[in-house]
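See below for the structure under consideration.
The values are calculated or read from the model by the stated rules, or taken from the named source; none is laboratory data. Worth saying up front: this structure is predicted, and the values here are computed from it rather than measured. Neighbour counts run over all protein chains shown; Cβ positions are idealised from the backbone, glycine included. Protein only, heavy atoms only, side chains kept; ligands, DNA and RNA dropped before computing areas. Shrake-Rupley method; radii C 1.70, N 1.55, O 1.52, S 1.80 Å.
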Amino acid sequence: MEIIPAIDIIGGQCVRLTEGDFARQTTYDSNPLEVAKRFEASGIKRLHLVDLDGARARKPVNLGVLESIASNTNLTIDFGGGLQSDEAVKQAFDAGATQITAGSIAVREPETVKSWLLKYGADKIIIGADFKGTNIAISAWTEESKFPLQDFISGYVQTGAQLFICTDVSKDGKLQGPSLNTYRHLKLTQPAAGIIASGGVTTVDDLEQLQEIGVAGAIIGKAIYEGTISLKDLERFIC
């Protein structure tokens, strides 16, 4: 199981939101590069970088932060937020992203995302599967759709997608533990999908349970910044 810290960017600073609500924002560090360097120094190899300004603008805004981290660390970066066009995806890769995360566009424009899978390869395009309950969440997480999470993942697996960041938006940023039963069910029913658990990871015990389930990765955000999981705690999970 890969340990993947998250850096969310607003105004060039490292922040965290609660349940994706921009009105419930906490700023943790004014220098995302230094945060990324601390992660790398602790042995971490992956980074989930989210351009929240870009998500609101529907186009990348903080490509400079991506380029800075990519140029000054050896982290494998997956980048998301505002990737709504072929040009935006190209900009992200040109700025140093190793992978990109296709979020809301994967729900709204599946044919576009399928074209990216064909062009760049399934190892480069991560499908963002944000969910509430058993259904996909839409409209910047504010609304639960009628689209079942399982059907969404199954459909993309059939088109060649391999990696899915599955974020329980009802838990994101709340430090209340991840949706273990959902991930357990997905592992049983979608064995071909590489499931990356996101939302609610709070303690080392959470990570141990996710590792036991067999998810491909775990994204950790607020737990690191609030200190409920320390970088030293993560050493046992890092190869």
Practice problem: State whether the chain is rounded, prolate or oblate according to the following rule on the C-alpha gyration tensor (a ≥ b ≥ c being the square roots of its eigenvalues): a/c under 1.5 gives rounded; otherwise a/b larger than b/c gives prolate, and the remaining case gives oblate. | Solution: rounded
Practice problem: Enumerate the residues in the stretch 178-210 having an amide nitrogen under 12 Å from the point lying 7 Å beyond the Cα of Tyr120 toward its Cβ. | Solution: none
Quiz prompt | At R0 = 41 Å, FRET efficiency that the Cβ-Cβ distance of Ser85 and Leu33 yields, to 0.05 | solution = 0.95
Practice problem: Rank by packing, highest mean first: peptides 203-216, 155-168, with packing defined as the count of other Cβ atoms within 10 Å averaged across residues. | Solution: 155-168, 203-216
Quiz item: Measuring with a 1.4 Å probe in the full set of protein chains, what accessible area per residue, in whole Å², belongs to the chain?
Solution: 42 Å²
Quiz item: Using a 1.4 Å probe on the protein chains only, how many percent of the accessible area of the stretch 128-239 belongs to carbon and sulfur?
Solution: 49 percent
Quiz item: Given Lys37/Lys174; Lys45/Lys132; Lys146/Lys222; Lys132/Lys187; Lys59/Lys232, which pairs have Cα atoms separated by over 27 Å?
Solution: Lys45/Lys132; Lys146/Lys222; Lys59/Lys232
Exercise. Quickly work out the Thr228-to-Asn74 label distance, labels modelled 7 Å from Cα along the C-beta direction, and quote it in nm with one decimal.
Key: 3.3 nm
